[in-house]
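Structure record follows, encoded as structure tokens.
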Amino acid sequence: MKKIILSFNLCFLLMTCSNLEVTNSTRVSNIDELNTAIKNSEAGDNIVLTNGIWKDVEIKFTGKGTKENPITLSAETAGKVFIEGVSNLAISGDYLEVSGLFFRNGHAPSQNVIAFRTSPKEVANHCKVTNCVILDFNNLERDQDNLWVQLYGKHNELSNCYIAGKTNGGPTLRVDLKGNQSIRNYHKIINNHFGPRPRKGGARGETIQLGSSFTSMSPSNTLIANNLFEECNGEVEIISSKTNFNIIKNNIFYKSEGSVVTRHGNYVAVDGNYFIGDGKNDQFGGIRIINTGHWITNNLFYKIKGKNFRSPIAIMNGIPKSPLNRYNQVTDVVVAYNTFVDSDSPWQFGVGQNLSQADVLPKSEIRSARALRTEVVNNIIYNSVGNANPIIEHDKADGVTFASNIIDNNGVEIENNHGLISKELTLTDIGTALAVPTSGFDDIEIYNGFDFETITEDLIGNSRSKSNQIGAILNTGNISLDLLDKTKYGADWFSNEVEAKDPKTHTVANSAELNTKLKEAESGDIIDLTEGVFQVSNSLVINKTITIQSKNKAEIVYSGAAETPAFSLQPYGKLTLKGIKLKGNNTNYAFASLKKNMSNHFGLDVLDSEISNFNYALRVYKQSFSEEIAFKNTSISNCENGIELSEETNDRGDYNTEYLTIDNCQFTNVKQNVIDYYRGGYDESTIGGNLLVTNSTFTNCGAKEKNKRLLNHNGIVNVNITKNTFKNNKVQFVSILWGAKNNVASENNLMDSGQIKTEENLVMKLMY
């Protein structure tokens, strides 16, 4: 009996062992060991990178794993393997998985940080990158375009990653369809946290791009689901879909200055997403629709104030017989079962129609083709403050069917209602500081269009089969969402939450202390200058957030070499200068960016200060960018040049700052480039920069201005010049405004200073 039992146990043990996956784990500590391990890897192997800094490494991960036994490349400890310097990762083969890597303090040597191919013909299939972070991994120059992640091949996945901080040109992530090996790819981009992407200052700043204009007729079948997009502000397009049959589902777009855009390609499903604004910022957008066959269903738009291109729902006009890289007509689109809460003019039709610009644009650029066979049905609009124009027609919406849509407009009459049914609604708290109407409209007959039976669930996954109703959310009892719990998205070992700390104030009494304390101070600190004169002969480096202030108007006298700045504004440097007298030697600069290698943004606020005797008050070089520059309650006098932001002359829609604010300032005897702020190139998708000049006085300025124009802002889309005084400025024009854009001037007092002129259509160079 014992022999029988022993034999049985032995057989059972052998059978059990035969079903176990045998994993060969190889630990590597340098690039040579890694390359050897990759070369020798087989299905089921695990290559482990030891913790530490891996600098200047180009990793080519190739191999043939299987579904049951992938080959894995992982960090010894997730988040403790740092990929730095000039480094990248390329993957090709089958069933390969990468996890736990942290890309930081560097940039890629090639077009990609992570590429799902190692050559044009060697692509990845069934491969995954997960639980990784790419943070501020920027090229040294803004015009050195690249992509941080580029997907090729088929059935690949990017999941549970945190990606943030891209400042150079190019989408953060692109799905590439060049070649049959990448068409119908069924890639998955899921459960990621796309953290802040700063404003780029022009086009080419998307967070995700699916294909390109020239593969726009190809099927991609990419899934973008369950991701958090937080402050993705790179440009007007957050997701740019340029292929067919993509699904954008169950994502959260939180305080992001842009939209999901069906830019090219057809048959995209945008379903069950949350677009969350703050009720104030009019740059937070929704969904912009171009092309054919899209279904926009079950989405919630909460306090989205974006306008025109960034409106909650923007349905564009197309170009008749449009080429692939322009705008095709909207046809056969469904916008159904969506809810809009406190979102301004949520439905806009004929967006981008430009018939008024026919004199300066070729006929092939005129967007005159209105939407056809489009259904806007079963939607809810709630406005706590009534809106007389919930529907805006930039061109006629005569090809749109409106049915079973309701609005609570708090008693305000609607000028153009297209059959909107008025109701009094109440809001229900659903968590995440969101409140939406979920009841009070059971009597509204649901519009049932062709294939509407395929809309089987609401926004939060409740079945519509038994008790369907209009709007994004069914009335199903208590709802408690926690959408902004960041632990649900991205890498499980990384958080972008930074604990706030109180700034430290450093009191400085002489020039030597100023240099020392500036180097020692931490980002966010304050340097307080005592009364007196501070002689400075070398540029003060600003490479962190710092405030330099004086309660007694301390004077900084800069004697540095010609064409060097008193304050060198470097990557990550954000300077607030308050209550300072700053004086130069007529050949040097008050503030300037670096001439090259501005790999990240800078910032500048000058408050309650006096600037005099400089060659340039501010000089910003090409490829430098600041999200905001402000001069307030400040005088600029006896300078050869004033505020110079005009070196982005590539005419690709780029510019040097998103917001330039001049408020309550005095400009005296500034000879040229008093304010010179330039954006070149005709591109309807670029809807910045922004210039505000208010409550300021300009006296005896512009004497050497060659174009006889005091304020130069060619191509800037948003300009407001109001309540200023212009005296004895020997110029022909104070300003030439772009009438077709948002350029305005009012309540200005002009004395012997030329005129303010409006040109409806400026001639601009086409960008494409």
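Among the residues of the range 474-519 satisfying the criterion of being β-branched (Val, Ile, Thr) and open to solvent by less than 60 Å² (accessible area, probe 1.4 Å), which is farthest from the chain's Cα centre (by Cα)? Explain how you work it out, then say what you get.
Step one: filter the range 474-519 for residues β-branched (Val, Ile, Thr), giving 476, 479, 487, 498, 505, 507-508, 516.
Next cut, open to solvent by less than 60 Å² (accessible area, probe 1.4 Å) only: 479, 508.
Details: Ile479: 31, Val508: 39 Å.
Taking the candidates together, the pick is Val508.
Going through the range 434-443 one residue at a time, which ones are open to solvent by less than 50 Å² (accessible area, probe 1.4 Å) and either of a type in the set (Lys, Arg) or free of Cβ contacts under 8 Å to residues at least 60 places away in the same chain (or both)?
In the first step, residues of the range 434-443 are kept if they are open to solvent by less than 50 Å² (accessible area, probe 1.4 Å); the result is 434-441.
If the condition is that a residue be open to solvent by less than 50 Å² (accessible area, probe 1.4 Å) and either of a type in the set (Lys, Arg) or free of Cβ contacts under 8 Å to residues at least 60 places away in the same chain (or both), then Thr438, Ser439, Gly440 are the ones that fit.
Across the range 327-347, what is the number of residues that are open to solvent by less than 10 Å² (accessible area, probe 1.4 Å) and either on the phi > 0 side of the Ramachandran plot or free of Cβ contacts under 8 Å to residues at least 60 places away in the same chain (or both)?
Final tally of qualifying residues: 7.
Tell me which residues, restricted to the range 549-587, are charged (D, E, K, R) and within 19 Å of Ser635 (Cα to Cα). Show your work before the answer.
Initial filter on the range 549-587 (charged (D, E, K, R)): 551, 553, 555, 563, 574, 578, 581, 583.
Within the range 549-587, Lys551, Lys553, Glu555, Lys578, Lys581, Lys583 qualify.
Being at pLDDT 95 or above, part of a loop (DSSP other than H, G, I, E, B) and not aliphatic (A, V, I, L, M) is the requirement here; does Ser439 meet it? Step through it out loud before you land on a result.
Details: at pLDDT 95 or above: no; part of a loop (DSSP other than H, G, I, E, B): yes; not aliphatic (A, V, I, L, M): yes.
No; evaluated as a whole, the condition is false for this residue.
If you take the residues of the range 153-164 that are assigned to a loop (DSSP other than H, G, I, E, B) and either of a type in the set (Asp, Glu) or open to solvent by 10 Å² or more (accessible area, probe 1.4 Å) (or both), which of them is nearest to Ala115 (Cα to Cα)? Talk me through it step by step, then tell me what you get.
Keep residues of the range 153-164 that are assigned to a loop (DSSP other than H, G, I, E, B), which gives 153, 155-156, 160-161.
So of that shortlist, the ones also either of a type in the set (Asp, Glu) or open to solvent by 10 Å² or more (accessible area, probe 1.4 Å) (or both) come out as 155, 160.
Working: His155: 14, Asn160: 17 Å.
This residue is His155.
If you check Ser637 against the conditions, is it farther than 16 Å from Asn712 by Cβ, of a type in the set (Gly, Ala, Ser), assigned to a strand (DSSP E or B) and in contact with a Phe, Trp or Tyr (Cβ under 8 Å, 6 or more places away or on another chain)?
Numbers: farther than 16 Å from Asn712 by Cβ: yes; of a type in the set (Gly, Ala, Ser): yes; assigned to a strand (DSSP E or B): yes; in contact with a Phe, Trp or Tyr (Cβ under 8 Å, 6 or more places away or on another chain): yes.
Answer is yes for this residue.
A quick yes/no check of all residues on (1) small (Gly, Ala, Ser); (2) closer than 30 Å to Asn308 by Cα; (3) open to solvent by less than 20 Å² (accessible area, probe 1.4 Å):
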position: Ser637; (1), (2), (3): yes, no, no
position: Arg679; (1), (2), (3): no, yes, yes
position: Leu711; (1), (2), (3): no, yes, yes
position: Lys730; (1), (2), (3): no, no, no
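Which of the numbered conditions does Val717 fail, given that it passes all the others? Conditions: (1) touching a helix residue (DSSP H, G or I) at 6+ places or on another chain (Cβ under 7 Å); (2) open to solvent by less than 30 Å² (accessible area, probe 1.4 Å); (3) hydrophobic (A, V, I, L, M, F, W, C).
The failed condition is (1).
When you look at Thr456, is it without any contact (Cβ under 8 Å) to a residue 24 or more places away in the chain and touching a Lys or Arg at 6+ places or on another chain (Cβ under 9 Å), yes or no?
yes
For the range 415-433, which positions are open to solvent by 40 Å² or more (accessible area, probe 1.4 Å), in contact (Cβ under 8 Å) with a residue 24 or more places away in the chain and part of a loop (DSSP other than H, G, I, E, B)?
The answer is Glu415, Asn416, Asn417, His418, Leu427.
Could you check the range 226-270 and list, in sequence order, the residues that are open to solvent by less than 10 Å² (accessible area, probe 1.4 Å), over 26 Å from His601 (Cβ atoms) and not polar (S, T, N, Q)?
Within the range 226-270, Ile248, His264, Gly265, Val268, Val270 meet the criteria.
Go through (1) part of a loop (DSSP other than H, G, I, E, B); (2) open to solvent by less than 30 Å² (accessible area, probe 1.4 Å) and name the single condition Ala740 misses.
For Ala740, the exception is condition (2).
Just for the range 395-422: of the residues that are acidic (Asp, Glu) and in contact with a strand residue (DSSP E or B) (Cβ under 7 Å, 6 or more places away or on another chain), which one is nearest to Val333 (Cα to Cα)?
If we filter the range 395-422 for residues that are acidic (Asp, Glu), which is where we start, we get 395, 398, 408, 413, 415.
Next, from what is left, pick out any that are in contact with a strand residue (DSSP E or B) (Cβ under 7 Å, 6 or more places away or on another chain): 395, 408.
On the way: Asp395: 17, Asp408: 25 Å.
By that ranking, first place goes to Asp395.
Scan the range 277-294 residue by residue and report those that are outside any loop (DSSP other than H, G, I, E, B) and surrounded by fewer than 22 Cβ atoms within 10 Å (Cβ to Cβ).
Going residue by residue through the range 277-294, those that are outside any loop (DSSP other than H, G, I, E, B) are 287-289, 292.
Thr292 - this is the single residue of the range 277-294 that is outside any loop (DSSP other than H, G, I, E, B) and surrounded by fewer than 22 Cβ atoms within 10 Å (Cβ to Cβ).
Test of understanding: among Ile392, Ile406, which residue is in contact with a Lys or Arg (Cβ under 6 Å, 6 or more places away or on another chain) and modelled with pLDDT of 95 or more? Talk me through it step by step, then tell me what you get.
On the way: Ile392 fails: in contact with a Lys or Arg (Cβ under 6 Å, 6 or more places away or on another chain).
When all the criteria are applied, what remains is Ile406.
For the range 564-616: of the residues being touching a Phe, Trp or Tyr at 6+ places or on another chain (Cβ under 9 Å) and on the phi > 0 side of the Ramachandran plot, which is most open to solvent (accessible area, probe 1.4 Å)?
Ranking the candidates gives Tyr572 first.
Look at the range 538-558 and say how many of its residues are at pLDDT 95 or above and open to solvent by 70 Å² or more (accessible area, probe 1.4 Å). Spell out how you get there, then give the answer.
Taking the range 538-558 first, the residues at pLDDT 95 or above are 538-550, 554-558.
If we keep only those that are open to solvent by 70 Å² or more (accessible area, probe 1.4 Å) too, we end up with 538, 543.
Total meeting the criteria: 2.
The values are calculated or read from the model by the stated rules, or taken from the named source; none is laboratory data. In this text the structure is predicted, and so the values were computed from the model without any measurement. Counting neighbours? That spans all protein chains shown, and the Cβs are built from the backbone with ideal geometry, glycine included. What goes into the accessible areas is simple: the full protein's heavy atoms, side chains included, and nothing from ligands, DNA or RNA. Shrake-Rupley method; radii C 1.70, N 1.55, O 1.52, S 1.80 Å.
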